């Protein structure tokens with residue numbers, strides 16, 4: 001997933017009660033800003049739970065970090 005390769009992207013905890021999840025927010029080569037929610041419980045593989053256009057706090061945080 002291209003969002004993981006964005007050098008300006010970031011990873012933050014995604015708070016849920018039943019499992020440890022992470023959000024990777026990054027841009028794709030097609031200039032889409034995505035939020036990818038995943039878990040590392042199956043390392044060395046990642047389990048991607050969902051991916052969607054980053055909006056709201058994810059969008060704001062990405063552009064504030066630049």
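Test residue 43 against the stated conditions and say whether it is out of contact with any helix residue (DSSP H, G or I) (no Cβ under 8 Å at 6 or more places or on another chain) and either over 14 Å from residue 11 (Cα atoms) or surrounded by 13 or more Cβ atoms within 10 Å (Cβ to Cβ) (or both). Criteria met by residue 43. Does residue 50 count as exposed (fewer than 15 other Cβ atoms within 10 Å of the Cβ) and closer than 16 Å to residue 13 by Cβ? Here the answer is yes, as residue 50 does meet what is asked. For region 1-27, taking the residues that are more than 17 Å from residue 65 (Cβ to Cβ) and touching a residue at least 24 places away in the same chain (Cβ under 8 Å), the one that is surrounded by the most Cβ atoms within 10 Å (Cβ to Cβ) is identified as 21.
A short reminder: the numbers here are calculations on the coordinates, not readings from a lab. No experiment lies behind these values; they were computed from the predicted model shown. Reconstructed Cβ throughout: ideal geometry from the backbone, glycine too, with neighbour counts over all protein chains shown.
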